[in-house]
Amino acid sequence: MEYTNNNPHKRQGKDTKNNYAKQLFNALYDKPISRRMAATEIGFTDQTYMVTQLIYDWIKQGKAQIVGKAKCSRSGYLVDKVTTNPDLFISNKSNQLDLF
């Protein structure tokens, strides 16, 4: 038997996190952008820490990939562009890796 928490206050936090995750996934799917730009796009201005762990987990699971570098319009630094769109993923096949 699975335990279901019917307390709306506890459940609301989980629902909100899932909604932010969906918004973040869709923002990264539309176009490759930096973590800071993704945080800004979903409403976390200057709160990059809110999206960093999700993006890191998705990269580790293969759901997202770093596809290049670009100058961030927010910070002005050269940063990684991340996407969740599999059509934009870079193939990791290389003859050099096949040597070993």
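No lab work stands behind these numbers, since they all come straight from the coordinates. Here the structure is a predicted model, which is why all the values come from computation and not from measurement. Backbone-built Cβ (ideal geometry, glycine too); neighbour counts: all protein chains shown.
Where q = 0.12, 0.15, 0.18, 0.23 Å⁻¹, what log10 of I(q)/I(0) comes from the Debye formula for region 11-86, counting one point per Cα? Rounded to two decimals, the profile gives -0.29, -0.46, -0.66, -1.05.
Taking label points 7 Å from Cα along the Cα-to-Cβ direction, T52 and K31 give a separation of 2.5 nm.
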